[in-house]
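Encoded as structure tokens, the structure appears first; notes follow it.
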Amino acid sequence: MYYLTPYRRRSDSLMNSFFRDFDEIQRSFFANESSFCTDIEDDGKNLILSADLPGVEKSDIQIDVSDKRLVISAKRHSNHEDKDKKGNYLRCERSYGSYMRSFSLDGIDAENIRASYENGTLKLTLPKQAEQKPDTRRLEIQ
């Protein structure tokens, strides 16, 4: 009922294992290009989504809810000058750009989602919808 986990292909054949290894290399190489890491916990009444967004200002994070879809987007800006890029850096590994993830909100009460941002971690509390009991009744035979 609550599907917030990413899809990953699984197979036991040797050839698929070989290609899966290449998929993992590609995924790890491009992992931080347009995405960010998230953890999802279930506390019984809510799902807690924690997203790592280090170096991102709170004002550069957008959370959109529409059509049973949650979209988190963020921008990290470069704060060094061009002259630093040309001469002073021996190695610069920090990435700058825009990042986005989307999640399905099936089974989530989208009207009551809460968000907070502290120390580079965005936390969303996603309350589960109350399970609706099917309307059943017994018919009398006439």
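Overview of values
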{"quantity": "Test set (1) of a type outside the set (D, E, K, R); (2) out of contact with any Gly (no Cβ under 7 Å at 6 or more places or on another chain); (3) at pLDDT 65 or above - Gly87 fails condition number", "calculated": "(3)"}
{"quantity": "Hits in the stretch 98-128 - residues which are closer than 14 Å to Glu57 by Cα, among the small types (Gly, Ala, Ser) and either touching a residue at least 40 places away in the same chain (Cβ under 8 Å) or not in a strand (DSSP E or B) (or both)", "calculated": "Ser98, Gly120"}
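The values are calculated or read from the model by the stated rules, or taken from the named source; none is laboratory data. Every value quoted in this text rests on a predicted model; they were computed, and no experiment measured them. All Cβ positions, even for glycine, are placed from backbone atoms using ideal geometry, and neighbour counts span all protein chains on display.
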